[in-house]
Amino acid sequence: MNLVLLGPPGAGKGTQAVRLVQKFGMLQLSTGDLLRAAVKAQTPLGKQVATVMAEGRLVSDDLVTSLLRENLTAHLAAGRNSFLFDGYPRNLTQAQLLDELLVSLNIGVDQALRLVVSKDILMQRLCGRRVCRSCGATYHVLFGPPAKEGICDKCGGELYQRADDNEESIGNRLAIYDKEIQPLVEYYQAKGLLVDVNADEEADVVFPRIARALGSEV
Ligand code: AP5
């Protein structure tokens, strides 16, 4: 199954992606993670996109689509055939580019799942998020704290706050999402692929809803 995961910043896309990968064996392709890895490694792409990302604006469709294409084709060549697209597409152009790309690779989108969360909850989630520098595991200071403050439970790595998890960048990211989401929703609705899941509650309550929406039980 190839699944597109839609939802605003802080909706829990990354959090639920971990569970989806575990249950359905898909490979998560998160454009946010790929871009952050490029920034961390200070590749030419990373240097080009660092400021745009920190300010909460979108990286150009061309750059992000070629990054996705490169990763997708490499994973297909390595024998993977089930993908979770997390953070891509983000606008109608990207949805059309994704379809063109998948058609050229003889695959397609089977479902588009949108996580729906109220705005005040998104703000709380993003302001309290902490991420492990080493393994990328995600925590929340209130809703999912590590056993020892500032230290990753899984690998002992240092936890940090993302450069775009500040009020100004969060405001930009939410505004962009609000502007771009409706055409995307209409695109997948017209194809009969869109499912909405209420993701206001805690992560372990949300996941069974997602599984059911995908026709499975937990
Ligand atoms: P990206 O990394 O995709 O960020 P985002 O869309 O802003 O989404 P987030 O990662 O902030 O949120 P999430 O939904 O994954 O939430 P999480 O599970 O972590 O993109 C970052 C940037 O990269 C963009 O702004 C842009 O610049 C660039 N970019 C990426 N893709 C692009 C594209 N296609 N085109 C152009 N530019 C692109 O959860 C958040 C917090 O809440 C965590 O602390 C978590 O523990 C907690 N939490 C999660 N679920 C729950 C729950 N149910 N209850 C309580 N707490 C919860």
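So how strong a dipole does the chain carry about its Cα centre when Lys and Arg Cβ are +1 and Asp and Glu Cβ are -1, to the nearest 20 debye?
That gives the chain a dipole magnitude of about 460 debye.
Show that you can apply the helix-only estimate: for the chain, add -39,500 (n - 2.57) for every DSSP H stretch of four or more residues, divide by all residues, and state [θ] at 222 nm to the nearest 500.
Helices in the chain give a 222 nm mean residue ellipticity of -15500 deg cm²/dmol.
Based on DSSP, what percent of beta bridges with both residues in the stretch 113-216 are antiparallel, to the nearest 5?
Looking only at bridges with both residues in the stretch 113-216, the antiparallel portion is about 65 percent.
State to the nearest 20 debye the size of the charge dipole of the stretch 114-215 about its Cα centre, where the only charges are +1 on K and R beta carbons and -1 on D and E beta carbons.
Its charge dipole is roughly 320 debye.
May I have the extent of the alpha carbons of the stretch 2-74 along their three principal axes, as whole Å values ordered from largest to smallest?
That works out to 36, 29, 21 Å along the principal axes.
May I ask which of LYS154/LYS191; LYS148/LYS179; LYS13/LYS40; LYS154/LYS179 have a Cα-Cα span longer than 30 Å here?
Table pairs above 30 Å Cα-Cα are LYS154/LYS191; LYS148/LYS179; LYS154/LYS179.
Under unit Cβ charges (Lys, Arg +1; Asp, Glu -1), what dipole magnitude, rounded to 20 debye, does the stretch 1-122 have relative to its Cα centre?
Dipole size: approximately 360 debye.
Express in % the proportion of alpha carbon pairs of the stretch 33-156 at distances exceeding 16 Å.
72
Tell me, what does the Kirkwood hydrodynamic radius of the chain come to in angstroms if you use every pair of distinct C-alpha atoms?
For the chain, the Kirkwood estimate is 17.8 Å.
Every number in this text was worked out from the coordinates using simple rules, so none of it is lab data. All of these numbers come straight from a predicted model, not from anything done at the bench. When we count neighbours, we look across all protein chains shown, and the Cβ atoms used for this are built from the backbone with ideal geometry, even at glycine.
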